[in-house]
1. Run the Debye formula on the Cα coordinates of segment 17-64, all scatterers equal and no solvent, and tell me log10 I(q)/I(0) at q = 0.14, 0.25, 0.26, 0.27 1/Å.
2. Please give the direction-averaged projected area of the C-alpha convex hull for the chain, in square nanometres with one decimal.
3. With every atom except the alpha carbons ignored, what do you get for Rg and Dmax of segment 38-94, in angstroms?
4. Could you give me the percent of Cα pairs per 10 Å distance bin for segment 1-43, shortest bin first, beginning at zero and ending with the bin that holds the maximum distance?
5. Can you pull the one-decimal nm distance between simple spin-label points at residue 55 and residue 15, each 7 Å off the Cα toward Cβ?
6. Can you tell me which lysines have their Cα less than 26 Å from the Cα of residue 20? Leave out same-chain residues fewer than eight positions away.
7. For the pairs 26/101; 2/80; 26/80, note any where the Cα-Cα span goes beyond 21 Å.
8. Just want the answer: with Cβ charges of +1 for Lys and Arg and -1 for Asp and Glu, which residue in 104, 65, 42 is farthest toward the dipole's positive end in the chain?
Amino acid sequence: MKVVRFSDIAQIPASHEDPKDPAVMKRILFRLGDLNDGRIQMINWAALLPGKTFAGHYHQDMQELFIMMAGGAIGIVRGKEVTLSRGDALVVDPGETHQMKNPGNTPIEYLVIGIA
């Protein structure tokens, strides 16, 4: 498991922008080599409903990347809990049992990218 905190990443001008007067600012969540080599198997925009927990499971040959878009969740990987907020990312490696729960009263939205 790897957690990337949105709040720990500085905003910088996009590479195609004038650094003195940028129109686009970005935060680099991952760089080349940070994730497994492979094919993207899926990209899902998901919503975890209030008070729900998705079933604990693992993938034999797929790394999953969760990027929190709205709300706050508790990710559980191999029994270890981590609190996730908007903009945070969680990387779950193949073979790691994982689940996520929504302790709040509004849906949590997140992107899931599977790399096989």
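Each reported figure results from applying straightforward, stated rules to the coordinates on display, with no laboratory input. Everything numeric here is computed off the predicted structure, so don't read it as measured data. FYI the Cβ positions are ideal-geometry reconstructions off the backbone, even for glycines, and counts take in every protein chain you see.
1. -0.69, -1.10, -1.12, -1.14
2. Details: hull surface 31.9 nm².
For the chain, the mean projected area of the Cα convex hull comes to 8.0 nm².
3. Both quantities, over Cα of segment 38-94: 11.7, 34 Å.
4. Going out from 0 Å in 10 Å bins, segment 1-43 shows 22, 39, 31, 8 percent.
5. About 4.2 nm, to one decimal.
6. none
7. Numbers: 26/101 28 Å; 2/80 12 Å; 26/80 30 Å.
Beyond 21 Å: 26/101; 26/80.
8. Toward the positive end, the furthest listed residue is 104.
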